[in-house]
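What follows draws every value from the coordinates through simple rules; no lab data is involved. These numbers were taken from a predicted model, which means no experiment stands behind them. Cβ coordinates were reconstructed from backbone atoms using ideal geometry, including for glycine residues, and neighbour counts include every protein chain displayed.
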């Protein structure tokens, strides 16, 4: 009986989520949006180029790190990292990551149909 109830509830949630309409809107070109992406890409590139020399993945496990304005910021919470970056670089779009406490391997998979 419990299995039937679980199946009914699970199907209802799945069906209702899957039957929600998807709305796609075309927006006008905004050059500010492009500048924000360029800043984010610049900070991501800086992070990639400097993370090893700064020991990001060994010294800052269990913490948040952000690259912005050619600097590395480190904090214990996402809110703190946001505050640190925005206080120094208000218009910057930082590259933010959480570094897990334990080193773990990530497996990326793609299902071919």
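Here are the numbers:
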item: Cα convex hull volume per residue for region 33-104 (Å³); result: 85
item: Computed FRET value (nearest 0.05) for residue 57 with residue 88, which takes r as the C-beta separation and R₀ as 22 Å; result: 0.40
item: Estimated FRET transfer efficiency when R0 is 41 angstrom, pair residue 35-residue 107 (beta carbons, to 0.05); result: 0.70
item: Cβ-Cβ FRET estimate between residue 98 and residue 20, R0 fixed at 35 Å, reported to 0.05; result: 0.75
